[in-house]
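One structure is given here, and the rest of the page talks about it.
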Amino acid sequence: MNESARPFYWAFISLCGIVIAVYVLFPIFWLFLASFKTAEELAQLPIGFWPQEATLQAYRDLFDSGSQSSQLLNWPTLISNSFIIAVTSTIIVVILGTLAGYAFARLKFPGRDLILGGLLVSRMFQGAALLLPTYRLMNSLGLQDSLLGLILLYSAFGLPFATWIIASSLREIPVELEESAMMDGASRLQAMVMVVLPLATPALITAAMWHFVGAWSEFAFASILLESSANKTVTIGLASFVELFTLEFQKVGAAATLVAMPIMVVFFFGQRYFTRGLLAGAVKG
Amino acid sequence: MNTSSDRWLAYFMILPVVAAVLAFVIGPTWDVATLSLTQVVMGQERGFGTLNNFRALAADPMFALVLKNTAIWILGGTILCVMTGLAVGTFLAIDSKMTTGLRALILLPWVLPDVVTAMAWKWMLHGQVGVIGSTLQSAGLTEQQISFLGDPDLVMWTLVVVLIWRKMPLVALILCAAIRSVPNEQIEASRMDGANAFERFRFVVIPNIAFSLTAVTVISMIWITAEFALPWIMTGGGPANTSQIMSTYIYQQSFEFFSWGVASAMSVVNLVMLMVIVALYLYVNRKSWATGAAS
């Protein structure tokens, strides 16, 4: 880089950076701001940026059982349902994914690479084409409209990726560590739990975070399987707010902020693990 | 180490994962394939071995429109996603405090629930009080406020723009990582040879990241094909079905019209399309699978 070009170069970098940052943040921030405005203000033109008089009324309305918006959907129930589903399926996925990941990374058995490849490829088919047959399957199992059904479904959908992330991280842990523990009389299970897993903790956190975010955010399958309002999740609750557009958008903003909050927390505190999982495995589907 | 007991231990350990995928992915795939060849009347199965569902699907006047919209969604989405992702990724690969911060921040759209993204953009694109339309109008760029999601000619491409906001960050980060791993000596050598910035990019960086670029293109196609909530919540396929794509059509036929025959036929079309893309993916990635298996 020519020295005289430096200031221009720096200005160019800064300008591009600001444009990208605004592009990424504006839609989120705009929604967040709307949740503090009043219905009257949201209907006004020209549109103002900051709330004229910031209010938490929209959030109060969401949780106030007497108000209109919470008659059909009870937000505390939605939030607790989503947490139950996301946390339980995350625990299942991490435990079963660790078992399978260990087998794929450490044990030799016929068909190992083929099965792992097959699991990864199966992820790519988890889309709209499975909506109808999943609905039929859950009905025949009697698991429609139940949190248990979604927990099983999300665990099944999330397991291949968790297995893969954990297996690829276990491969990087020297096998000698376990072998020497086993020489000293530890069983394979003991060696796995006491020696290998503590070293694989970052991978377990990565797998858990990815799964939690996916399970918390899932909409399509939840919307076809859950019927009673006592069983619905936050994404269904937010989607049903489409009817509030124009008239009471501040409530949509408040609900969206609540739905996004746990994800933002996971994202900002677990940044390191997130990017790690991403660069390690996202390209595998 | 006892290899035969290892083998049984291994099968035992992978059993839950394999069983889960068989039950919730392979099983349903088989079910929808057989359903598509079954006469279904009002949810009742009346005889296997018919192509009537596919005939009904092809006869649906919506079919051609859905295919056209899906092509815009997948091809337009993928191409624009990779192009903007390459541009942003190239920028993020520059060493500076700002780009380091941005590399962390940029994933935010990617991790947010798609229902939240749909609400945020639907609001910004609103026909009367949307900030985008209103800004364009007050800047004198449009006479009237554009209703991006209400205009049949604009709606599909508007959805693609939102899709890019959501999916581009990951493409950018993957390409950024690929660009940053290009050997510095090669770039320096071409600089010595008098190559300008564009030539260095075209003849040194691009060949070095060609593999990542192809892989990320195919994987974007798979992500975009799977995306359902974003278009469904933003438009529900409207106005007048002009933004109906395969995934929203399957949902609508299955759970609003209860035409399971047509829905299962479209699901099979969707699965076949996915298989083609996945085959392409496996072909592109054959090198990485081989090394993955060796390690």
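Return yes or no: is residue B:37 free of Cβ contacts under 8 Å to residues at least 24 places away in the same chain, surrounded by 14 or more Cβ atoms within 10 Å (Cβ to Cβ), in contact with a strand residue (DSSP E or B) (Cβ under 7 Å, 6 or more places away or on another chain) and more than 8 Å from chain A (Cβ to nearest Cβ)?
Working: free of Cβ contacts under 8 Å to residues at least 24 places away in the same chain: yes; surrounded by 14 or more Cβ atoms within 10 Å (Cβ to Cβ): yes; in contact with a strand residue (DSSP E or B) (Cβ under 7 Å, 6 or more places away or on another chain): yes; more than 8 Å from chain A (Cβ to nearest Cβ): yes.
Considered against the rule, which asks whether it is free of Cβ contacts under 8 Å to residues at least 24 places away in the same chain, surrounded by 14 or more Cβ atoms within 10 Å (Cβ to Cβ), in contact with a strand residue (DSSP E or B) (Cβ under 7 Å, 6 or more places away or on another chain) and more than 8 Å from chain A (Cβ to nearest Cβ), residue B:37 comes out as yes.
Considering only region B:190-204, how many residues are more than 15 Å from residue B:179 (Cα to Cα), part of a helix (DSSP H, G or I) and small (Gly, Ala, Ser)?
Residues meeting the conditions: 1.
Which one of these does residue A:160 not meet: (1) within 8 Å of another protein chain (Cβ to nearest Cβ); (2) more than 16 Å from the chain's Cα centre (by Cα); (3) buried (at least 17 other Cβ atoms within 10 Å of the Cβ)?
(2)
Considering only residues that are aromatic (Phe, Trp, Tyr) and within 7 Å of another protein chain (Cβ to nearest Cβ), which ones fall in region B:20-34?
Let us first name the residues in region B:20-34 that are aromatic (Phe, Trp, Tyr), namely B:24, B:30.
Selection gives B:24 alone.
Of the residues A:206, A:235, only one is touching a Pro at 6+ places or on another chain (Cβ under 9 Å), crowded, with 21+ Cβ neighbours inside 10 Å, at pLDDT 90 or above and not hydrophobic (A, V, I, L, M, F, W, C); which? Working first, answer last.
Values: A:206 fails: touching a Pro at 6+ places or on another chain (Cβ under 9 Å).
Going through A:206, A:235 in turn, just one is touching a Pro at 6+ places or on another chain (Cβ under 9 Å), crowded, with 21+ Cβ neighbours inside 10 Å, at pLDDT 90 or above and not hydrophobic (A, V, I, L, M, F, W, C): A:235.
Hey, can you tell me all the residues within region B:127-158 that are within 14 Å of another protein chain (Cβ to nearest Cβ) and aromatic (Phe, Trp, Tyr)? Give the steps one after another, and end with the answer.
First pass over region B:127-158, keeping only residues within 14 Å of another protein chain (Cβ to nearest Cβ): B:127-140, B:144-145, B:147-150, B:158.
Result: B:148, single match.
In this structure, does residue A:132 turn out to be farther than 15 Å from residue B:7 by Cβ and touching a residue at least 24 places away in the same chain (Cβ under 8 Å)? Step through it out loud before you land on a result.
Working: farther than 15 Å from residue B:7 by Cβ: yes; touching a residue at least 24 places away in the same chain (Cβ under 8 Å): no.
Criteria not met by residue A:132.
Condition (residue is closer than 30 Å to residue A:257 by Cα, in contact with a Gly (Cβ under 6 Å, 6 or more places away or on another chain) and surrounded by 14 or more Cβ atoms within 10 Å (Cβ to Cβ)) applied to region B:149-158: is it met by at least one residue?
Yes, the conditions are met somewhere in region B:149-158.
Check off (1) in contact with an Asp or Glu (Cβ under 7 Å, 6 or more places away or on another chain); (2) surrounded by fewer than 18 Cβ atoms within 10 Å (Cβ to Cβ); (3) more than 9 Å from every other protein chain (Cβ to nearest Cβ) for residue A:108 and give me the number that stays unchecked.
If we test residue A:108 against (1) in contact with an Asp or Glu (Cβ under 7 Å, 6 or more places away or on another chain); (2) surrounded by fewer than 18 Cβ atoms within 10 Å (Cβ to Cβ); (3) more than 9 Å from every other protein chain (Cβ to nearest Cβ), just (3) comes out false.
In region B:44-56, is there at least one residue being part of a helix (DSSP H, G or I), among the aliphatic types (A, V, I, L, M) and either closer than 15 Å to residue A:128 by Cβ or in contact with a Lys or Arg (Cβ under 7 Å, 6 or more places away or on another chain) (or both)?
Of the residues in region B:44-56, the ones part of a helix (DSSP H, G or I) are B:52-56.
So of that shortlist, the ones also among the aliphatic types (A, V, I, L, M) come out as B:56.
After this cut, where a residue has to be either closer than 15 Å to residue A:128 by Cβ or in contact with a Lys or Arg (Cβ under 7 Å, 6 or more places away or on another chain) (or both) as well, the list is none.
Scanning region B:44-56, I find no residue that is part of a helix (DSSP H, G or I), among the aliphatic types (A, V, I, L, M) and either closer than 15 Å to residue A:128 by Cβ or in contact with a Lys or Arg (Cβ under 7 Å, 6 or more places away or on another chain) (or both), so the answer is no.
Identify, please: which residue in region A:245-257 is within 10 Å of another protein chain (Cβ to nearest Cβ) and touching a residue at least 12 places away in the same chain (Cβ under 8 Å) and is, among those, nearest to residue A:130 (Cα to Cα)?
Step one: of region A:245-257, the residues within 10 Å of another protein chain (Cβ to nearest Cβ) are A:245-246, A:249, A:252-253, A:255-257.
From what's left, touching a residue at least 12 places away in the same chain (Cβ under 8 Å): A:246, A:249, A:252-253, A:255-257.
On the way: A:246: 34, A:249: 33, A:252: 29, A:253: 31, A:255: 29, A:256: 27, A:257: 30 Å.
Filtering first and then ranking leaves A:256.
Would you mind stating whether residue A:101 is of a type in the set (Gly, Ala, Ser), under 30 Å from residue B:262 (Cβ atoms) and within 11 Å of chain B (Cβ to nearest Cβ)?
On the way: of a type in the set (Gly, Ala, Ser): yes; under 30 Å from residue B:262 (Cβ atoms): no; within 11 Å of chain B (Cβ to nearest Cβ): yes.
Spelling it out, it is not the case that residue A:101 is of a type in the set (Gly, Ala, Ser), under 30 Å from residue B:262 (Cβ atoms) and within 11 Å of chain B (Cβ to nearest Cβ).
So residue A:72 fits all but one of (1) modelled with pLDDT of 80 or more; (2) more than 11 Å from chain B (Cβ to nearest Cβ); (3) within 30 Å of the chain's Cα centre (by Cα); what number is the exception?
Result: residue A:72 fails condition (1) only.
Assess whether residue A:239 counts as being in contact (Cβ under 8 Å) with a residue 40 or more places away in the chain and not aromatic (Phe, Trp, Tyr).
Details: in contact (Cβ under 8 Å) with a residue 40 or more places away in the chain: no; not aromatic (Phe, Trp, Tyr): yes.
Answer is no for this residue.
Quick check on my filter: what residues within region A:111-129 are touching a residue at least 24 places away in the same chain (Cβ under 8 Å), at the interface with chain B (Cβ under 7 Å from one of its Cβ atoms) and not β-branched (Val, Ile, Thr)? Break it down stepwise before answering.
The first filter runs over region A:111-129 and keeps only residues touching a residue at least 24 places away in the same chain (Cβ under 8 Å), leaving A:116, A:119-124, A:126, A:128.
In the following step, the residues that additionally are at the interface with chain B (Cβ under 7 Å from one of its Cβ atoms) were identified as A:119, A:121-122, A:124, A:126, A:128.
Across region A:111-129, the qualifying residues are A:119, A:122, A:124, A:126, A:128.
Being touching a helix residue (DSSP H, G or I) at 6+ places or on another chain (Cβ under 8 Å) and not assigned by TED's automatic domain parsing to the domain that holds residue A:39: is that true of residue A:193 here? Let's see the steps before the verdict.
Numbers: touching a helix residue (DSSP H, G or I) at 6+ places or on another chain (Cβ under 8 Å): no; not assigned by TED's automatic domain parsing to the domain that holds residue A:39: yes.
Answer is no for this residue.
For residue A:107, state whether it is at pLDDT 85 or above and farther than 30 Å from residue A:211 by Cβ. So that I can check it myself, show each step before the final result.
On the way: at pLDDT 85 or above: yes; farther than 30 Å from residue A:211 by Cβ: no.
Here the answer is no, as residue A:107 does not meet what is asked.
Any idea which residue in region B:75-126 is farthest from the other protein chains (Cβ to nearest Cβ), counting only those that are of a type in the set (S, T, N, Q) and surrounded by 24 or more Cβ atoms within 10 Å (Cβ to Cβ)?
Residues of region B:75-126 of a type in the set (S, T, N, Q): B:78, B:84, B:90, B:96, B:99-100, B:117.
Add one more test, that the residue is surrounded by 24 or more Cβ atoms within 10 Å (Cβ to Cβ), and what stays is B:78, B:117.
Working: B:78: 14, B:117: 7 Å.
The selected residue is B:78.
For residue B:217, are the conditions met, namely being within 27 Å of residue B:154 (Cα to Cα), modelled with pLDDT of 90 or more and touching a Gly at 6+ places or on another chain (Cβ under 8 Å)?
Working: within 27 Å of residue B:154 (Cα to Cα): yes; modelled with pLDDT of 90 or more: yes; touching a Gly at 6+ places or on another chain (Cβ under 8 Å): no.
So residue B:217 fails the test.
Yes or no, residue by residue, for (1) at the interface with another protein chain (Cβ under 10 Å from one of its Cβ atoms); (2) among the basic types (Lys, Arg); (3) in contact (Cβ under 8 Å) with a residue 12 or more places away in the chain; (4) loosely packed, with under 11 Cβ neighbours inside 10 Å:
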| site | (1), (2), (3), (4) |
| --- | --- |
| A:9 | yes, no, no, no |
| A:13 | yes, no, no, no |
| A:16 | yes, no, no, no |
| A:23 | yes, no, no, no |
| A:46 | yes, no, no, yes |
| A:51 | no, no, yes, no |
| A:54 | no, no, yes, no |
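What is the one condition in (1) under 30 Å from residue A:9 (Cα atoms); (2) assigned to a helix (DSSP H, G or I) that residue B:95 does not satisfy?
Failed condition: (2).
Scan region A:131-156 for residues that are facing another protein chain (nearest Cβ under 9 Å), closer than 24 Å to residue A:91 by Cα and among the aliphatic types (A, V, I, L, M) and jot them down.
Within region A:131-156, A:137, A:152, A:153, A:156 qualify.
Taking the condition of being buried (at least 23 other Cβ atoms within 10 Å of the Cβ), under 20 Å from residue B:37 (Cα atoms) and not aromatic (Phe, Trp, Tyr), how many residues in region B:248-260 meet it?
Of the residues in region B:248-260, 3 are buried (at least 23 other Cβ atoms within 10 Å of the Cβ), under 20 Å from residue B:37 (Cα atoms) and not aromatic (Phe, Trp, Tyr).
If you scan region B:74-108, which residues turn out to be farther than 23 Å from residue B:237 by Cβ and in contact with a Lys or Arg (Cβ under 7 Å, 6 or more places away or on another chain)?
Hits for region B:74-108 are B:92, B:93.
Cβ-Cβ below 9 Å, separation at least six or inter-chain, first residue in region B:73-97 and without any contact (Cβ under 8 Å) to a residue 60 or more places away in the chain, second of a type in the set (Val, Ile, Thr) and outside any helix (DSSP H, G or I): which pairs?
none
Does region A:172-183 contain any residue that is of a type in the set (Val, Ile, Thr), within 11 Å of chain B (Cβ to nearest Cβ) and crowded, with 16+ Cβ neighbours inside 10 Å? Give the derivation first.
Keep residues of region A:172-183 that are of a type in the set (Val, Ile, Thr), which gives A:173, A:175.
Subset that is within 11 Å of chain B (Cβ to nearest Cβ): A:175.
After this cut, where a residue has to be crowded, with 16+ Cβ neighbours inside 10 Å as well, the list is none.
Within region A:172-183, none of the residues are of a type in the set (Val, Ile, Thr), within 11 Å of chain B (Cβ to nearest Cβ) and crowded, with 16+ Cβ neighbours inside 10 Å.
The values are calculated or read from the model by the stated rules, or taken from the named source; none is laboratory data. Please read these numbers as outputs of a predicted model, since none were measured by experiment. Cβ coordinates were reconstructed from backbone atoms using ideal geometry, including for glycine residues, and neighbour counts include every protein chain displayed.
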